[in-house]
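To keep things clear, I will list the structure first and then write my remarks on it.
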Amino acid sequence: MTETVVSTSKSQPSAAASVQEPGAALPSAPAPARREGGRLRALDGLRLVAALMVAVYHYAGRGGYVTEAWGTSPKHQFPTLHAFAAYGCLGVQVFFVISGFVICMSGWGRSLTSFFASRASRLMPAYWVAVLLVTAVFALPPVVYEAVSPSDALVNLTLLQQPLGADRVLGVCWTLWVEIRFYALFALCVVLPGANRRRVVMFCALWTLAAAVAQAAHQPLLDLVLMPEYAPFFIGGIGLHLVHRDRGDAYAWGIVAVSFLIGQHYAVGELWNASDPDAFAHRTTIGIAGVVAFGFVAVAAIALGHLSWANWRWLTVAGALTYPFYLVHEHLGWVVIRVLHRTLGLPAGVTFALTVAAMLALAWLMNRFVEKPLTPRLRGVLSRPL
């Protein structure tokens, strides 16, 4: 995610994004609220909203391993909420739109070395700690979830466990593998030759066309590289950054519109389950498309400056907590739910709230004692000339 970010049905419990310096907006486009470090605070807040959507999905919007945590299906724990929580997995698509916006913003005017150092130093410190922490907790005798093998746990430290076929420690890490492939495409096609409007527009147009061809070709290698089901969200975010730079850019608006139309198509195709009688909850096509539209509209509002009033300092803190919270909330959250609800007997609503609070507190500790000291050091090391 960027800094994210799920078809979280892909999560495997047994296997177990931060805003950089923005490009200047053109005079015709009022800039969103900014404070120290060039952060877009409204975007920070949206990132936390997306992360909380995914957390609600993992705690109350699906079956499987979370049922073991609660002792019964979340359907019984949350008779009304569970039907809405089932849409929370679309928080990942919202993350991908944000990521497209942020990566275009942070890659503009940077060298390839600087871009790589920024991305790696942002992703890896918290990720390494999350992998070690979840592995250690899952290895404890009182914890009911199966731990991965020591060999697979070590492979997980590379962030290449999925293409290498190793079990995943973090269920949500599949989204990081999607993000890494996006970073690689953007770095090779835009950052390396040098970002400019024409090059970014061509990148979006060619990726959109190539992704459609990959979908029709049914070739695994093309799917792996071009990611047709996720490309529209990244491309839409990139288009919204172009809108941020010039709200009158017709090509940028065209990129956004086409990306939304294609993105909602993939989201509906993947998540609409009306024909499945055993589905945990039945999402509607309108509901799915509506959540996707929310992601595009929210980022567009930020790009156009309509949320410039949202400049509270706590939004910067919220943005800083989003990534570590996203990494640890799923599996460790299930452990906390089991302890609070089944061992201590707390009501489901109280357990839900305390679990979210506990994961946010853990995220704050990771940000304070892992990301803040290690991210600048790692960036400094990776920024040295080869």
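The values are calculated or read from the model by the stated rules, or taken from the named source; none is laboratory data. Note that the structure is predicted; figures quoted are calculated from it, not measured. Here Cβ is always computed from backbone atoms with ideal geometry, including for glycine, and neighbour counts include all displayed protein chains.
Values as computed for the structure displayed
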{"read-out": "Any chance PHE96 is aromatic (Phe, Trp, Tyr), touching a Leu at 6+ places or on another chain (Cβ under 9 Å) and surrounded by 23 or more Cβ atoms within 10 Å (Cβ to Cβ)", "value": "no"}
{"read-out": "Wholly enclosed helices (runs of 4 or more DSSP H) of region 172-255 bearing at least 2 residues at pLDDT 95 or above and over 22 Å from ALA293 (Cβ atoms)", "value": "173-186, 197-217, 220-226"}
{"read-out": "Odd one out for ALA42 among (1) among the hydrophobic types (A, V, I, L, M, F, W, C); (2) out of contact with any Ser or Thr (no Cβ under 8 Å at 6 or more places or on another chain); (3) over 21 Å from THR343 (Cβ atoms)", "value": "(2)"}
{"read-out": "From ARG313, ARG283, residue being more than 19 Å from the chain's Cα centre (by Cα), surrounded by fewer than 18 Cβ atoms within 10 Å (Cβ to Cβ) and farther than 24 Å from ILE238 by Cα", "value": "ARG313"}
{"read-out": "Scan of region 258-289 for residues that are of a type in the set (Phe, Trp, Tyr) and within 26 Å of ALA211 (Cβ to Cβ), ordered by number", "value": "PHE260, TYR266, TRP272"}
{"read-out": "Test: residue in region 146-157 that is at pLDDT 95 or above, part of a loop (DSSP other than H, G, I, E, B), among the aliphatic types (A, V, I, L, M) and out of contact with any strand residue (DSSP E or B) (no Cβ under 6 Å at 6 or more places or on another chain)", "value": "yes"}
{"read-out": "Pairs, first closer than 15 Å to THR72 by Cβ in region 336-349, second aliphatic (A, V, I, L, M) and at pLDDT below 95, C-beta under 6 Å, six or more apart", "value": "ILE337/ALA69; ARG338/ALA69"}
{"read-out": "Of all residues making up region 273-307, the number that are modelled with pLDDT under 90 and either in contact with a Lys or Arg (Cβ under 9 Å, 6 or more places away or on another chain) or within 27 Å of ALA205 (Cβ to Cβ) (or both)", "value": "4"}
{"read-out": "Every residue from region 256-272 that is at pLDDT below 95 and either surrounded by fewer than 17 Cβ atoms within 10 Å (Cβ to Cβ) or in contact with a Gly (Cβ under 8 Å, 6 or more places away or on another chain) (or both)", "value": "GLY269, GLU270"}
{"read-out": "Pair list, Cβ < 9 Å and 6+ apart or interchain, from region 207-228 residues that are on the phi > 0 side of the Ramachandran plot to residues that are small (Gly, Ala, Ser)", "value": "MET227/ALA211; MET227/ALA214"}
